[in-house]
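First comes the structure, then the notes that go with it.
The values are calculated or read from the model by the stated rules, or taken from the named source; none is laboratory data. Just so we're clear, the structure is a prediction, and the values are computed from it rather than from any experiment. Reconstructed Cβ throughout: ideal geometry from the backbone, glycine too, with neighbour counts over all protein chains shown. These area figures cover heavy atoms from the full protein model, side chains too; ligands, DNA and RNA do not enter into them. Shrake-Rupley method; radii C 1.70, N 1.55, O 1.52, S 1.80 Å.
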Amino acid sequence: MTSFSKIRVVGSRVCDDCGNEVLMMERIVGDQVIPVSKCLNCINIETKKQYEEFVKKADSKKHEYIYEQYSLVPFDLEKASFDSYIPNHPTQSDALQKAKWYADNFSKIDGWNSLILKGPYGVGKSHLAKSISDGVRSKNFTVIYIDTPTLMNKIKNTFGNKKESPDKIFDAIEAADLVIFDDLGAERVKTDEKGESWVGEVLFQMFSARTSKPKVITTNCGSGELSEKYGQNGGRIVSRMMKGTKLIIVEGKDMRVQDF
């Protein structure tokens, strides 16, 4: 058998916490009388406080979500760090020092904001770029790390697929505090009869979105090679990627290859 409750107002009181007038009621369930006198104003204040704390906590993890959602990090770089980078050439020692400084002072740099690490395969450019991304991300900045050839393949796979679109990654790249473009120039570029390619169009769009925004680029190519590689857009891509960018030359033996 269901017991129905009745509520009756028996008076009022002043809330000790906020000073508001609070009704004093009795809830009658069968033979039981239960006093009820909760301050709705205090409940609303506490609810708002809890909501604001939830939003703050969620916002504090936004940079991690962005990194996980949009980054394309090669498996062999997942554990790369400044501590695990062992220079074997003077330019590598110089690059390590400058990369650390950039990560430590990311929010304080004035007059320029980007780096390009140029050198042959295996000298640790990607290792340093990944270390920079982790250092900047640890300060709660949004960072996206892109292995450029992998991204181009991923975008190509969206062509003709109505369920997938590259628009979200374009928007994320434009909005992030820092974007790493790793191994620029290593992607396969198939040109048409006019010497143009969709890769050049995509990269032009990305670098246009980040012309004055922080970026770290690693490449084996010089500016002339990149300009030629991307056809009509090549010169414009190089112009945009170099705006506000410091060049760091990294040389030395291939760290990945042991003598045999």
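How big is region 91-139 in terms of Cα radius of gyration and Dmax, in angstroms?
Computed over the Cα atoms of region 91-139, radius of gyration and Dmax are 10.9, 31 Å.
How far apart, in nanometres, would the label points at I28 and N88 be if each is projected 7 angstrom from Cα along the Cα-to-Cβ direction?
9.0
Mind listing P(r) for the chain? All alpha-carbon pairs, 10 Å bins, whole percents.
The percentages, shortest bin first, are 6, 24, 25, 14, 7, 7, 9, 6, 2, 0.
Separation between the K108 and D17 pseudo-spin-labels, each 7 Å from Cα along Cα→Cβ, expressed in nm?
Reported label-point gap for K108 and D17 is 4.2 nm.
For the chain, what does the accessible surface come to per residue with a 1.4 Å probe? Please give it in Å².
62
Give the carbon-plus-sulfur fraction of the accessible surface of the chain in %, rounded to a whole number; probe 1.4 Å, heavy atoms of protein chains only.
51
From the gyration tensor of the Cα coordinates in region 5-115, what semi-axes in whole Å does the equivalent ellipsoid have, largest first, with each one equal to sqrt(5λ)?
Semi-axis lengths for region 5-115 are 63, 18, 11 Å.
What accessible area, in Å² to the nearest ten, does a 1.4 Å probe give for D171?
Ignoring ligands and nucleic acids, D171 comes out at about 100 Å².
Could you report the accessible area of Y51 in Å², rounded to 10, computed with a 1.4 Å probe on the protein chains as they sit in the structure?
Surface accessible to solvent at Y51 totals approximately 150 Å².
Separation between the D254 and Q69 pseudo-spin-labels, each 7 Å from Cα along Cα→Cβ, expressed in nm?
Spacing of the two 7 Å Cα→Cβ label points: 3.8 nm.
Keeping all protein chains in position, work out how much accessible area F82 exposes to a 1.4 Å probe, and write it in Å² to the nearest 10.
Counting only protein heavy atoms, F82 exposes about 40 Å² to solvent.
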